[in-house]
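These notes are about the structure you will find just below.
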Amino acid sequence: MGRRLAGHRLLWPALILLALLLGNLAFHHDFFSVRVRDGHLYGSLVDILQFGAPLTLVALGMTLVIATRGIDLSVGSTVAIAGALACGHISTAAHPGSVATMLTAVALALGVALVLGLANGFLVSGLGVQPIVATLILMVAGRGVAQLITGGQIITVTSAPYKMIGGGYWLTFPFAVLLATALVALTGFVTRRSALGMLIESVGGNPAASRLVGIRAGGLLALVYVFSALCAAVAGLMISSNVSSADGNNAGLWIELDAILAVVVGGTALTGGRFSLGGTVLGALIIQTLSTTVYTLGVPPETTLVFKAFVVIVVCLMQSPVFRAKVLRRRRTTTLRTHTTAGAAPQQEVRA
């Protein structure tokens with residue numbers, strides 16, 4: 001039982017997340033307190049869940065892409081484009097505060113994200129372009145497209161229905177958290193309760209063998225890139241909704257790197273073939289908790305990335321079986337030498 005628990009892939013991410021939360025508790029004794037104010041939940045833990053919801057969604061899509069041995073560097077640009085399109089539509093609408101305008105803006109953002117995902121999928125599966133190259137094109141061009149949509153300015157909107165997506169509450173809970181939880185649960189149900197997850201892992205584990213047994217690898221590759229783009233678009237809607245504005249230059253900046261870190265920290269290998277949605281969620285929460293810790297400890301902004309990189313390296317080392325084996329072997333050797341020395345001393349006294 002103990003060995004099975006020690007070898008579980010979610011053990012180390014869960015322990016690291018717990019350690020970070022307890023570390024924050026040491027500096028702020030009310031860190032774990034959750035209060036209800038005006039019918040809404042408030043607290044540091046609620047903030048971590050709410051602000052981590054966009055990253056969780058981006059990492060969710062990235063997990064399936066990485067499971068196929070791919071990578072999607074364009075999710076940050078997709079976040080910016082989705083927010084710019086939605087806010088641009090609302091700002092020019094005749095009734096910006098109506099539900100119909102909000103739904104149209106969401107449909108417009110998701111529709112464009114669908115096209116962007118299909119473009120990535122076609123480049124990778126149809127033309128055989130390496131995933132890092134195919135998505136790098138959209139990563140560079142997409143940021144420019146977002147700035148063209150916003151005209152290089154920050155678009156500010158005033159729409160209560162749109163504000164609900166990223167900054168609203170439903171049944172006392174942040175709506176963004178509920179939406180992210182529903183999408184994660186739906187993805188887990190579809191990939192683990194059907195053959196889809198196994199087919200994705202088969203394509204990532206051995207693409208040639210998958211084709212020989214009749215799996216349509218091209219369609220699956222296109223599907224995961226479309227899913228990744230849609231997740232990024234929803235994350236873009238959350239981010240722009242939470243601040244009621246769209247910034248084509250800074251929205252979703254470097255979120256693709258945080259998403260890759262969350263997937264890796266969660267135990268999904270970049271070599272593909274296997275994935276863990278639960279580990280990805282834990283990884284995203286670790287990354288978001290790290291950001292909260294940086295502000296809690298007052299770490300200078302110039303060293304924030306160094307601090308996050310150091311913690312991520314520690315997490316990856318703790319997850320590495322090779323590293324743990326070397327550390328345990330050294331401890332066992334040291335313990336054995338200590339016992340041997342302690343046992344040899346009485347023999348020398350008897351001989352004397």
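The values are calculated or read from the model by the stated rules, or taken from the named source; none is laboratory data. Values in this document were obtained by computation on a predicted structure and should not be read as measured data. Virtual Cβ from ideal backbone geometry, glycine too; neighbours counted across all protein chains shown. The area values use the complete protein model at the heavy-atom level, side chains included, leaving out ligands, DNA and RNA. Shrake-Rupley method; radii C 1.70, N 1.55, O 1.52, S 1.80 Å.
So which helices (runs of 4 or more DSSP H) stay within segment 245-352 end to end and still have 3 or more residues that are closer than 30 Å to V234 by Cα and at pLDDT 75 or above?
Per the criteria, 255-265, 277-297, 304-319.
Is it true that L186 is surrounded by 14 or more Cβ atoms within 10 Å (Cβ to Cβ), out of contact with any Ser or Thr (no Cβ under 6 Å at 6 or more places or on another chain) and not aromatic (F, W, Y)?
No.
Does V106 satisfy the condition of being surrounded by 15 or more Cβ atoms within 10 Å (Cβ to Cβ), touching a Leu at 6+ places or on another chain (Cβ under 9 Å) and modelled with pLDDT of 95 or more?
yes
Exactly one of (1) in a helix (DSSP H, G or I); (2) more than 25 Å from T280 (Cα to Cα) is unmet by V36. Its number?
That leaves (1) as the condition not met.
Checking L230 against (1) over 12 Å from the mean Cα position of the chain (by Cα); (2) not in a helix (DSSP H, G or I): exactly one of these is not met. Which one?
Of the numbered conditions (1) over 12 Å from the mean Cα position of the chain (by Cα); (2) not in a helix (DSSP H, G or I), the odd one out for L230 is (2).
Starting from segment 145-159, take each residue that is farther than 13 Å from P96 by Cα and list its partners that are assigned to a loop (DSSP other than H, G, I, E, B) and open to solvent by less than 50 Å² (accessible area, probe 1.4 Å), counting only C-beta distances under 7 angstrom and pairs at least six apart or across chains.
If the second residue must be assigned to a loop (DSSP other than H, G, I, E, B) and open to solvent by less than 50 Å² (accessible area, probe 1.4 Å), the pairs left are A146/G248; Q147/G248; I149/G248; T150/G248; I154/D247.
Yes or no: S194 of a type in the set (G, A, S), in contact with a strand residue (DSSP E or B) (Cβ under 6 Å, 6 or more places away or on another chain) and open to solvent by 10 Å² or more (accessible area, probe 1.4 Å)?
No.
Out of V264, V203, I need the residue that is more than 30 Å from S91 (Cα to Cα) and either free of Cβ contacts under 8 Å to residues at least 24 places away in the same chain or crowded, with 24+ Cβ neighbours inside 10 Å (or both). Which one?
Of V264, V203, the one residue that is more than 30 Å from S91 (Cα to Cα) and either free of Cβ contacts under 8 Å to residues at least 24 places away in the same chain or crowded, with 24+ Cβ neighbours inside 10 Å (or both) is V203.
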